[in-house]
Amino acid sequence: MSGSFGDEAGQVPDSTKDSASVALSKGEADDEAMLRSMGYKQELKRSLNGFQNFAISFTVVSVLTGLTGLYGLGLTYGGPVAVIWGWPLVSFFTLCVALSMAEICSAYPTSGALYFWSAKLAGARWAPLASWVTGWFNLLGQWAVTAGIDFTLASFLSTIILCGTGGANGGGWVATQAQLLGIYAATLVCHGLLNTFANSILGFLNGISVVWHVVGTFAFMIALLCVAPTHQSASYVFTEFSKPDVGIGSSALIFMLGLLMSAFTLTGYDASAHLTEETKSASKSGPRGIIMTVVVSFVVGWMYLLSLTFSIQDPANLFSSDSVTGGTYATAQVIWDAFAARYGDGKRSIALMVVPLMGQFFCGMASVTSNSRMLYAFSRDGAVPGHRWWHHLNPRTKTPVNAVWLSVLIAFILGLPVLDSTMVFTAVTSIATVGLYISYVIPSFLRITIYRKSFQRGPFHLGVLSIPIGMVAVTWVIFLTVIFVLPTAYPVTKENLNYAGVAVAVVLIFSLGWWFLPFGLGARHWFKGPQTQFHTSDSAYFDLQPAQDDTVLETIGKRMPVVV
């Protein structure tokens, strides 16, 4: 399959400075016209280019975060087979979801993204309900992703400190649950502050993040492979399968549970869609950011996993209570063991551990950015209690600062159960994966059913492959949802309970319960879906019949077919 987004608006020869200014102005005018046609004013500062849009999305996915944090889970549920082959398997089906989302994003590039798409594609009768449910699932997923990312950072940082101070059995500093929660809170506050006071350099920092995630990851892989004095055989890396003693007899189910490592990592690429109101040439840059994030993450992530797995010195030591990490962090143990085997002591490995640590820091920063933009957009349409407060923009920076701090607060609350159970991280990652993917697939499902014939394409589209890819995407998300709400161990206890199913049920009960409340209290009485900011004489977007939508797109110069 091949495709083209067309030339970027505003890209003209440097030799004609005045022409460049005119072209750039025209591109910005087209973006604002597109947004206006969907009923919204240009309020956010449109300062991101296509690369910066991709950079933020790629940073939110962050293979250095998800794969580092859940590498041990993958090895536990399936071993190297689940780790090495689960990644390309999940990447392929994730790309189908991303392609389906990108096609819709190209037609409707707005910060509301998924919930706006659902409203548009569900038809007038079901638009409010579809938008409401999609929006709340996306918000839950984004809050849980932010929590999972910063909890990964806090855990990895505490593990580095443990290794540097003597290890679990050498008098090293072992963080209590309360201390770990304190580190977690500090990372969230730091990311909130960056999104509040350093907005002007966020694009620059996310550009650095892309370089760090690509160049830094490859430097990490080369260094680790060169330091490790021995390497695992290809047979071990590609064919070794292991089953944990968790009361599950099915090897297939064990392998499927191990896919959580890959599926959680490959979430958050909807950030490109949420940032379209801040991105130039949004109907092309947004879809491209979504797709390229998944593709580049697959390549970089697979190389990262291969380097880690080939560099394992002693598989039994990864989860041993006698190891330097006490068997609590497999990724750090792999790195430490490689340096210890080479130099007799693993303390030099701490310098290499900084690579994934900084990747996690960048990831958390970008996640708060994306999270706050979704909250801002959903609040703009009156769907969140106190919506006027969360929709407020800082007059100087033109950013939703209040939404930033609410996102930080809720992510912190999601991490509070760590005081009672160390299983909270797996639970939070399951919640993030299930919540986000449900919100991803609702508009795709509506696209291939209700709006199958009347969908009006944007600059990027999939042609005849649109419906088949959409069907694969929907089927895959249904599969993920079922697998990741299942118990991960039997018999089920409070300590090993998979809270993802509980969280999904809570969101369904909350969103549908609030929707159907009687006596005029239900959201169905006042939430009518995305709200236009203009009178119908200014923007009749939601009044248009499907056949007329294309006229609007053509009028503002946005219908550029893609050859598939």
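The values are calculated or read from the model by the stated rules, or taken from the named source; none is laboratory data. Just so we're clear, the structure is a prediction, and the values are computed from it rather than from any experiment. All Cβ positions, even for glycine, are placed from backbone atoms using ideal geometry, and neighbour counts span all protein chains on display. With ligands, DNA and RNA removed, areas are computed over all heavy atoms of the protein, side chains included. Shrake-Rupley method; radii C 1.70, N 1.55, O 1.52, S 1.80 Å.
Annotations
- Cβ-Cβ under 7 Å pairs, at least 6 apart or on other chains, the stretch 228-255 side more than 21 Å from A489 (Cα to Cα), far side among the aromatic types (F, W, Y) and surrounded by 15 or more Cβ atoms within 10 Å (Cβ to Cβ): H231/F310; Q232/F310; V237/F310
- Pick from the stretch 343-368, criterion among the small types (G, A, S) and open to solvent by 20 Å² or more (accessible area, probe 1.4 Å), ranking: farthest from the chain's Cα centre (by Cα): G344
- Residue check, G74 modelled with pLDDT under 85 and open to solvent by less than 10 Å² (accessible area, probe 1.4 Å): no
Residues are listed down the side, and each one gets a yes or a no for (1) of a type outside the set (S, T, Y); (2) open to solvent by 70 Å² or more (accessible area, probe 1.4 Å); (3) part of a helix (DSSP H, G or I); (4) more than 26 Å from N49 (Cβ to Cβ):
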residue	(1), (2), (3), (4)
L188	yes, no, yes, yes
I208	yes, no, yes, no
F218	yes, yes, yes, no
A223	yes, no, yes, yes
P229	yes, no, no, yes
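- All of C96, C163 fail the test of being part of a helix (DSSP H, G or I), open to solvent by less than 10 Å² (accessible area, probe 1.4 Å) and either farther than 30 Å from R524 by Cα or modelled with pLDDT of 90 or more (or both), apart from C163.
- The residues listed here are S111, S118; of these, the one that is outside any helix (DSSP H, G or I), farther than 23 Å from A330 by Cβ and touching a Leu at 6+ places or on another chain (Cβ under 8 Å) is S111.
- T309 falls short on exactly one of the conditions (1) surrounded by fewer than 24 Cβ atoms within 10 Å (Cβ to Cβ); (2) among the hydroxyl-bearing types (S, T, Y); (3) assigned to a loop (DSSP other than H, G, I, E, B), and that condition is (3).
- Verdict on L253 being open to solvent by less than 60 Å² (accessible area, probe 1.4 Å), part of a helix (DSSP H, G or I) and at pLDDT 90 or above: yes
- Restricted to the stretch 482-531, and to residues there that are polar (S, T, N, Q) and over 30 Å from S37 (Cα atoms), the residue that is modelled with the highest pLDDT is T488.
- Residue in the stretch 449-462 that is crowded, with 20+ Cβ neighbours inside 10 Å and within 20 Å of L140 (Cβ to Cβ) present: no
- All positions within the stretch 463-496 that are buried (at least 18 other Cβ atoms within 10 Å of the Cβ), in a loop (DSSP other than H, G, I, E, B) and either out of contact with any Gly (no Cβ under 6 Å at 6 or more places or on another chain) or among the basic types (K, R) (or both): T488
- Any chance L181 is touching a residue at least 24 places away in the same chain (Cβ under 8 Å), touching an Asp or Glu at 6+ places or on another chain (Cβ under 9 Å) and either open to solvent by less than 40 Å² (accessible area, probe 1.4 Å) or within 22 Å of Y71 (Cβ to Cβ) (or both): no
- Within the stretch 269-314, tally of residues that are within 27 Å of G86 (Cβ to Cβ) and in contact (Cβ under 8 Å) with a residue 40 or more places away in the chain: 31
- Pairs linking a residue in the stretch 441-467 that is in contact (Cβ under 8 Å) with a residue 12 or more places away in the chain and of a type in the set (F, W, Y) to a residue that is in a helix (DSSP H, G or I) and crowded, with 24+ Cβ neighbours inside 10 Å, with Cβ atoms under 7 Å and 6 or more positions apart or on different chains, are Y451/L121; F455/R447; F460/A102; F460/E103; F460/S106; F460/K284; F460/P287.
- Hey, A427 farther than 25 Å from H213 by Cα, open to solvent by less than 30 Å² (accessible area, probe 1.4 Å), of a type in the set (G, A, S) and assigned to a helix (DSSP H, G or I) or not: yes
- Pairs are defined by a Cβ separation below 7 Å, a sequence spacing of at least 6 or placement on different chains, a first member in the stretch 490-513 that is charged (D, E, K, R), and a second member that is buried (at least 17 other Cβ atoms within 10 Å of the Cβ); the pairs so defined are E495/M423.
- Enumeration of residues in the stretch 120-145 that are among the hydrophobic types (A, V, I, L, M, F, W, C) and under 22 Å from the mean Cα position of the chain (by Cα): A130, W132, V133, W136, F137, L139, L140, W143, A144, V145
- For the stretch 77-93, the tally of residues that are more than 14 Å from the chain's Cα centre (by Cα) and either crowded, with 24+ Cβ neighbours inside 10 Å or among the polar types (S, T, N, Q) (or both) stands at 6.
- Residues in the stretch 40-71 that are closer than 13 Å to A366 by Cβ, at pLDDT 85 or above and open to solvent by 10 Å² or more (accessible area, probe 1.4 Å): Q52, F54.
- There is at least one residue in the stretch 322-331 that is in a helix (DSSP H, G or I) and either open to solvent by 10 Å² or more (accessible area, probe 1.4 Å) or of a type in the set (A, V, I, L, M, F, W, C) (or both).
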